[in-house]
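Chemist: Have a look at the structure that comes next, please.
The values are calculated or read from the model by the stated rules, or taken from the named source; none is laboratory data. Bear in mind the structure is a predicted one, so any value in this text is a computation, not a measurement. Keep in mind that these areas ignore ligands, DNA and RNA; they rest on the heavy atoms of the full protein, side chains included. Shrake-Rupley method; radii C 1.70, N 1.55, O 1.52, S 1.80 Å.
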Amino acid sequence: MANNGSASVRETPHVNRTSSTNTIVNALKERAEAVLNDRSIDPQSRAIIRHALETNDPWLAGLVRSADAGENVFDVIEAEAPNSEKIEALAEIICRAGDKSAAALFLLTGKIENSAHPEVLANVAKHVAFARCGELRELVLATDLQG
């Protein structure tokens with residue numbers, strides 16, 4: 001039999017490679033640890049970041065970014081709270097798929113684009129959507145089981 005010269009043996013198994021996601025997560029955790037050890041950052045911000053790090057909070061990247069920029073993390077969260085409530089309401093309207101969904105989506109997009117911390121509001125919308133979709137799925141399954 002002839003040997004196929006184009007075939008090659010993989011030297012590094014896929015299992016041994018660190019994924020880019022793991023690399024990013026590890027870098028974020030290292031940045032968060034650096035913030036926790038930086039005594040020039042206020043204790044309240046460090047406590048919030050410590051909690052976010054321990055719970056793998058999806059807002060950790062934004063909180064670390066804010067702390068690195070010298071912002072008080074609590075003030076950032078507090079400033080976004082009213083917007084978060086509006087984002088939750090808009091996401092609920094969109095999830096209902098009624099005649100106001102398109103308008104709510106337009107408003108939601110504008111709120112996120114014009115926010116000082118768009119990643120925070122995008123995470124709020126994502127969490128509301130996932131929770132609402134889960135509720136709707138359970139409702140559909142329950143209805144199917146009854147019917």
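Chemist: Give me the percent of the accessible area of the range 19-96 that comes from carbon and sulfur atoms, probe 1.4 Å, all protein chains in place.
Modeler: 53
Chemist: Report ³J(HN,Hα) in whole Hz for each residue of the range 90-101, in order, from the Karplus equation J = 6.51 cos²θ - 1.76 cosθ + 1.60 where θ = phi - 60°; Gly and Pro get x.
Modeler: Listing the rounded values in order: 5, 4, 4, 4, 4, 5, 6, 6, x, 6, 9, 4 Hz.
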